1. Taking N as the number of residues in segment 124-190, what is its alpha-carbon radius of gyration divided by 2.2 N^0.38 Å?
2. With every atom except the alpha carbons ignored, what do you get for Rg and Dmax of segment 72-131, in angstroms?
3. Please determine, in degrees from 0 to 90 and to the nearest 10, the orientation of helix 149-162 with respect to the longest principal axis defined by the Cα atoms of the chain, where the helix direction is its Cα long axis.
4. Multiplying the sequence separation of residue 92 and residue 143 by 0.36 nm and subtracting their Cα-Cα distance, what value in nm do you get?
5. Angle between the Cα long axis of helix 338-347 and the longest principal axis of the chain, 0 to 90 degrees, nearest 10?
6. Between helix 317-331 and the chain, what is the angle of the helix's C-alpha long axis to the longest principal axis, kept within 0 to 90° and rounded to the nearest 10?
7. Can you pull a Stokes-Einstein diffusion coefficient for segment 52-104 at 25 °C (0.890 mPa s), Rh from Kirkwood over Cα pairs, as a whole number of µm²/s?
8. Identify which of 169, 36, 289 has the largest mean-square fluctuation in a Gaussian network model of the chain, with springs joining Cα atoms closer than 10 Å.
Ligand SMILES: *Cc1c(COP(=O)(O)O)cnc(C)c1O
């Protein structure tokens, strides 16, 4: 069953006709020997775009973050990250399991940056009782929210005071750049290492890129091999990533616009029930209402997973019309979320 609208994630995108043609035409070689011209072109292009010395094409965002942590840390070292950070919560504890690198989670702000007092308090002094703190990790965007340059620069300053590295999980870095109205290299600038997903909103079928200094990427290259991520004629995949970088970055603004339009319409029907954040909308329906809506939409071949609805290149304006027409009757009957009811009760 092909669905008319799949809002479960921006990972569900299908390669477009243009991307398939780029894959078809890709020149390839053995990337373990550094011989694949398409992989090399992707790495050089994104390194230049993000203002870093070097880049490494890797299998996934999870592998990219893991390689970054292993490259910044030795066994017995630790990384600091937000409680809700993808690389801490949603990557199977890889750095601890495979690298003997201890996580030190701290309070995370809603925009994916960290409470700097919490970071400062978590940094360990040089004392044999403690693991050695080596790197701080931020995420941009986090849950669709972008944090601005000021927060990143303050974190950078704190890291410099303590001799720590700073890593960005920028799975959706290009969405953050759009939201902040700055060039992608400005978002990447404060960080020693940056991970970017090609397989989310950019619409490539596979792959992420890890970026940093030449010496950092040299270490990362060995670790990628160790983790089984050394691929051979990977140019067929890199060509898709390069096509995405050249054709699918500017159009992210369309996803953000559609997310806003959907949130506005839902809020007109049920005040305060929807919040847009870059290419996502978070709905605050009561759980029975959400389950009812999910079943109803499923019958119309519209897929949602939960309260997070994600917009991507597989969803055009007519798909949004289709979604809204099938939401209308139900959402108009939903009660606004509790806080909204309390607030409107107070103000009346
Ligand atoms: C998706 C995602 C990852 C991991 O990417 P995979 O390719 O699914 O392993 C890491 N961080 C964030 C913020 C993500 O959204």
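1. Values: Rg = 13.8 Å, N = 67, 2.2 N^0.38 = 10.9 Å.
Computed over Cα atoms of segment 124-190, the ratio equals 1.27.
2. 11.8, 34
3. Value to nearest ten degrees: 30.
4. Details: separation 51, 0.36 × 51 = 18.36 nm, distance 1.89 nm.
Full extension of this stretch gives 16.5 nm more.
5. 60 degrees
6. Value to nearest ten degrees: 60.
7. On the way: Rh = 11.4 Å.
Answer from the Stokes-Einstein relation: 215 µm²/s.
8. Among 169, 36, 289, the largest mean-square fluctuation in the Gaussian network model of the chain belongs to 289.
Throughout, read-outs are computed from the coordinates displayed, never taken from laboratory work. Model, not experiment: these values are computed from the prediction. Ideal geometry is used to build each Cβ from the backbone, glycine not excepted, and the neighbour counts take in all protein chains shown.
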